[in-house]
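All remarks here apply to the structure that follows.
The values are calculated or read from the model by the stated rules, or taken from the named source; none is laboratory data. These numbers come from a predicted model, not from an experiment. We place every Cβ from the backbone using ideal geometry, glycine too, and count neighbours over all the protein chains shown.
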C-alpha cells in the first residue's frame, strides 16, 4: 500500500478512487463482525487490510485459513480475496493506518464488572489515530456506541495531537453494524444500514462508499448520535420483549399453559412481533446495548425503568432453569447434590460458536454450587475447555451416565437427537429451556420432563 494522498472529503476524488479500485481500506478489529466487513470491502475490489491485536487470529488469516466456520458463505469470499491479494491482516496498526484512506473501527464495547460499558478499545484506537492517521482520511465507527460518544469523545481524542482538525483535515462518521452472528452474509446483503457523518458532505461520501460495497438500502441520519440511538433502540427493543415473554412464561407455567402455543397463535396477528422465552439473553449485543442505554440515562439524569426491569428479568432466568431442574429431581426423590448433570449447548444462541455472556455459564456455576457434577456437550466446543469444564466429545458416550440433561442452547444438532436416547439416562430427567422438545413426545418414554414455559403436558 502506498501512502494516503486522497482527500476523503472530496466527493469526486472518492468516486474516482472507488471506480479505479484504488481506495485503500483499513479495518481495525477483525473479529466476528469486523472480518466479514473487511471481506465485503475486499470483495468489491478495494485493497483492504485488517488489523487486530490477536496474533493467533492474524496468523490464521495470513496462513489462508478462514477462522469463522459458523458464518456460512464467507469462506469462499475469504479464499477469493486472499488469492487475489486484495485482503491481508496484520497486528501493526502503525503500518496499516497511515497508508489507508478509509479507516473502519469494528472494536468490542464490552461491560465491566459493574455493568458499565467499556470503551477502552475505541479510546485506545482513537488515541493511536491521533498519532498516525494521515491527513484527509475518513474514519467510520461501526462499533455500537452510546449516542454522543463520537461528538463528546472520539473527535477530541483524535484531535488531541493538534495536527488533525475535524472537518478540515480529518473526517468521521458512523455506520453501526447490523448483523446477526451466524447470519452475517444474509444480513449484510439484505438489511438496511444507517449512515451519518459529522456534516452532510461527509454523510454523502459515506453513502457513496457503502453503496459501492453493499447492495442494501442506506438510511441517512441527521447526525452520528441519532444513528447510534437508532441502533440501540432496535436491539434494546428485542431485549425488553424477550423479558416480557420470559416473564409471561413463568406465569403460564403455573396456569398450565404452553407458552409456545400462545406465541405461535399470537404471531398470526399482523402487528405482533414474536419473541421467545429462554434461559437468559447473552451475546455481545443485547445485554450490553441495554446497559449502554441505561448508562446514557444516568449521564443525562433520566430513568429508563422498563429497560432496567427487562434486564433484571433476563438476568434471573438462569435461576428458573435451576428451579425447573430441582423440581424434576424432587419428583423422583433425588437430590441435585452429587448428581450427574449434562448441559447441552453453551453458546449464547443456536448454531453459533460464541459464549459471550452466555446464560450457560451462570447455570453451570449454580449447579456446581448446589454440589452437582456438571458435564457439558456442545458440538461447537467438542474436547475444548470452557467455563472450567472440558466439553464432551461424543454425546452417546456420556448420556447414559447422567441423571439429568438440561438443554440450554437449541442447536439444530439437538433437534436430531432421538427422544429415546434420553430415556437411557440413570434417572432420567430432561429439562428443555429452548423450546425444541415437544412435551408430548416424552410421555411414552417415561422421562421426567420440564420445559421452560411449557405448562401442563
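Of everything in segment 129-138, what is touching a strand residue (DSSP E or B) at 6+ places or on another chain (Cβ under 9 Å) and assigned to a helix (DSSP H, G or I)? Give them in sequence order. Residue satisfying the conditions is 129 alone. Tallying residues that are at pLDDT 95 or above and within 20 Å of residue 40 (Cα to Cα) within segment 159-177 yields 4. With respect to the stated conditions, residue 121 fails to be within 21 Å of residue 175 (Cα to Cα), touching a residue at least 12 places away in the same chain (Cβ under 8 Å) and in contact with a helix residue (DSSP H, G or I) (Cβ under 6 Å, 6 or more places away or on another chain). From the list 23, 35, the lone residue that is at pLDDT 95 or above, over 26 Å from the mean Cα position of the chain (by Cα), crowded, with 24+ Cβ neighbours inside 10 Å and in the same structural domain as residue 212 (by TED's automatic domain parsing) is 23. Only one of the listed residues (227, 243) is crowded, with 20+ Cβ neighbours inside 10 Å, touching a residue at least 24 places away in the same chain (Cβ under 8 Å) and more than 18 Å from residue 144 (Cβ to Cβ). That residue is 243.
If you check 303, 366 for being touching a helix residue (DSSP H, G or I) at 6+ places or on another chain (Cβ under 7 Å), under 26 Å from residue 225 (Cα atoms), free of Cβ contacts under 8 Å to residues at least 60 places away in the same chain and surrounded by fewer than 20 Cβ atoms within 10 Å (Cβ to Cβ), only one passes: 303. Do we have residue 206 as under 27 Å from the mean Cα position of the chain (by Cα) and within 28 Å of residue 19 (Cβ to Cβ) here? So residue 206 fits the description; yes. Close Cβ contacts (under 6 Å, 6 or more residues apart or on different chains) running from residues in segment 426-444 that are assigned by TED's automatic domain parsing to the domain that holds residue 359 to residues that are part of a loop (DSSP other than H, G, I, E, B) and surrounded by fewer than 16 Cβ atoms within 10 Å (Cβ to Cβ) comprise 427/332; 439/457.
Note on segment 139-217: no enclosed helices (runs of 4 or more DSSP H) hold 3 or more residues that are buried (at least 23 other Cβ atoms within 10 Å of the Cβ) and touching a helix residue (DSSP H, G or I) at 6+ places or on another chain (Cβ under 6 Å).
One residue alone among 72, 67 is under 22 Å from the mean Cα position of the chain (by Cα), touching a residue at least 24 places away in the same chain (Cβ under 8 Å), over 30 Å from residue 294 (Cβ atoms) and surrounded by fewer than 16 Cβ atoms within 10 Å (Cβ to Cβ), and that residue is 72. Scanning segment 44-64 for residues that are under 22 Å from residue 183 (Cβ atoms) and surrounded by fewer than 19 Cβ atoms within 10 Å (Cβ to Cβ) gives 44, 57. Would you check if residue 254 is part of a helix (DSSP H, G or I) and over 25 Å from the mean Cα position of the chain (by Cα)? Yes.
Considering segment 100-117, the residues that are at pLDDT below 95 and out of contact with any helix residue (DSSP H, G or I) (no Cβ under 8 Å at 6 or more places or on another chain) include one that is nearest to residue 157 (Cα to Cα), namely 112.
The set of residues in segment 219-251 being assigned to a helix (DSSP H, G or I) and touching a strand residue (DSSP E or B) at 6+ places or on another chain (Cβ under 7 Å) consists of 224, 226, 227, 228, 230, 231. Comparison of 427, 433 shows that the only residue that is closer than 21 Å to residue 264 by Cβ and touching a helix residue (DSSP H, G or I) at 6+ places or on another chain (Cβ under 9 Å) is 433. Taken over segment 70-108, the criterion of being assigned to a loop (DSSP other than H, G, I, E, B) and over 14 Å from residue 31 (Cβ atoms) is satisfied by 72, 73, 84, 85, 86, 92, 97, 98, 99, 100, 101. Residue by residue through segment 376-418, note down the ones that are farther than 25 Å from residue 280 by Cβ and without any contact (Cβ under 8 Å) to a residue 40 or more places away in the chain. Once the filter is applied, which keeps residues that are farther than 25 Å from residue 280 by Cβ and without any contact (Cβ under 8 Å) to a residue 40 or more places away in the chain, segment 376-418 yields 383, 393, 394, 396, 397, 400, 418.
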